[in-house]
Amino acid sequence: MFVYRFLNDFKTMLEDAIIENGEQGFSNIIRSQKPINCIHEIIKHDLIRCGVDEKNIFPPLNNSKPEIKLAGFLKQKDQDICVTPNNVEKKAILVKWGPLSFENKEDVYGFDFSQHCLVVNMHSQMRSIAKNTDTLFERTFAESLNLHMRYPKMVLGELYVIPIKEYSLELSKSKQIGFENRMVNIEKYISFFHAISGRKDEKDSLWKYEKCCLLIVNLCSKIPFFYNNSYELICDGIISKDFKIEYADIGFHNFTQDLLAQYAKRFDIKNLQTC
């Protein structure tokens with residue numbers, strides 16, 4: 001399955017950087033965005049598997065450019081993956097809403113074209129996870145608001161990659177691969193992403209995403225893998241057996257399909273398929 005190929009590339013990039021240049025190498029490879037681009041490719045391939053026309057996906061397969069910059073309420077931002085519509089005309093307009101109205105900005109796509117896009121953004125955190133949790137949550141919350149305040153019908157997805165254990169800072173300094181003894185607080189992340197996932201229609205809360213995926217990965221294993229459901233997490237001692245949320249609801253397997261199903265309820269799904 002292509003997911004495991006790209007997940008293995010993700011792990012290999014991180015660990016090769018540590019072995020070659022220690023902690024500085026780890027920091028540099030994270031800043032380069034190359035590892036997270038492996039995760040982008042997983043979603044692109046899955047969109048194509050589900051019937052999306054490859055030509056509608058930006059950036060294209062195996063590329064990190066060009067990105068589609070959409071004008072939200074607060075700011076214009078490059079989207080990690082944007083599936084553009086076939087049958088909706090672009091119509092450039094001057095931005096006359098929100099704080100952007102004071103900056104003389106142009107929206108090169110226009111309202112209708114932008115709202116008919118399917119957008120997926122992706123993030124990951126491999127180090128200092130507990131320290132950055134609140135910042136992550138606030139940023140994720142704000143990104144959906146920025147787009148939905150302008151485009152209430154837009155279908156928006158968020159995929160977040162989190163390891164069950166962080167790479168060891170001390171071992172990285174000596175160019176060795178290892179992991180911290182403590183587990184990441186996975187229950188907190190499941191609770192957050194479950195709470196902001198599942199937006200049903202344009203009248204639903206603007207801060208929600210149509211679908212979130214929390215990709216929980218085990219990088220400690222020689223061959224990396226991801227978890228599918230709460231049962232697997234309980235068996236590995238990652239979450240409590242009393243934890244009430246079913247992780248599969250925000251797992252990977254139905255992520256792309258659920259986004260496309262929501263799109264089909266609001267727009268013509270042929271917009272995203274081969275003409």
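How much accessible area per residue does the stretch 229-275 have, in Å², with a 1.4 Å probe?
55 Å²
Specify the inter-centroid distance of the stretch 1-35 and the stretch 156-225, based on alpha-carbon positions, in whole Å.
If we compute the Cα centre of each part, the gap is 16 Å.
With springs connecting C-alpha atoms under 10 Å apart, model the chain as a Gaussian network and identify which of L171, L47, L61 has the largest mean-square fluctuation.
Comparing L171, L47, L61 in a Gaussian network model of the chain, the most mobile one is L171.
Please return the longest stretch of the chain lacking exposed loop sites, where GluC sites (Glu not before Pro) count only if DSSP places them in a loop and at most 14 other Cβ atoms lie within 10 Å.
Here the longest segment lacking exposed loop sites spans 104-201.
Rounded to the nearest 0.05, what FRET efficiency do L169 and D204 have when you use their Cβ-Cβ distance and R0 = 41 Å?
0.50
Between L94 and F2, what is 0.36 nm times their sequence separation minus the Cα-Cα distance? Round to one decimal in nm.
Working: separation 92, 0.36 × 92 = 33.12 nm, distance 4.15 nm.
Result: 29.0 nm gained on full extension.
Between T12 and D268, what length comes free when the chain is fully extended (0.36 nm per residue of separation minus the Cα-Cα distance, one decimal in nm)?
Between T12 and D268, full extension yields an extra 88.2 nm.
For helix 186-195, report the angle its Cα long axis makes with the longest principal axis of the Cα atoms of the chain; keep it between 0 and 90° and round to the nearest 10°.
Result, in degrees: 10.
Tilt of helix 34-49 relative to the longest C-alpha principal axis of the chain, in degrees (0 to 90, nearest 10)?
60 degrees
Which distance in nm do the two modelled labels at N181 and A130 give, with both placed 7 Å along the Cα-to-Cβ direction?
Spacing of the two 7 Å Cα→Cβ label points: 1.3 nm.
What residue among Y209, Y231, Y263 shows peak mean-square fluctuation when the chain is described by a Gaussian network model with Cα springs under 10 Å?
For the chain, modelled as a Gaussian network with Cα springs under 10 Å, the answer is Y231.
Heavy atoms only, probe 1.4 Å: what % of the accessible area of the chain goes to carbon and sulfur, would you let me know?
50 percent
Could you check the spin-label model distance between Q33 and F102? Points 7 Å from the Cα along Cα→Cβ, value in nm.
Placing both labels 7 Å beyond Cα along the Cβ direction yields 2.8 nm.
G178: net charge of surrounding residues, Cβ under 14 Å, Lys/Arg +1, Asp/Glu -1, itself excluded?
Numbers: positive: K11, R127, K165, K173, K175, R182, K222; negative: E15, E23, E166, E170, E180.
Result for the neighbourhood of G178: +2.
Among P35, P99, P163, which one shows the biggest mean-square fluctuation in a GNM of the chain, springs joining Cα atoms closer than 10 Å?
P99
Provide the per residue accessible area, probe 1.4 Å, for the stretch 58-152, rounded to a whole number of square angstrom.
49 Å²
The values are calculated or read from the model by the stated rules, or taken from the named source; none is laboratory data. In this text the structure is predicted, and so the values were computed from the model without any measurement. Ideal geometry is used to build each Cβ from the backbone, glycine not excepted, and the neighbour counts take in all protein chains shown. With ligands, DNA and RNA removed, areas are computed over all heavy atoms of the protein, side chains included. Shrake-Rupley method; radii C 1.70, N 1.55, O 1.52, S 1.80 Å.
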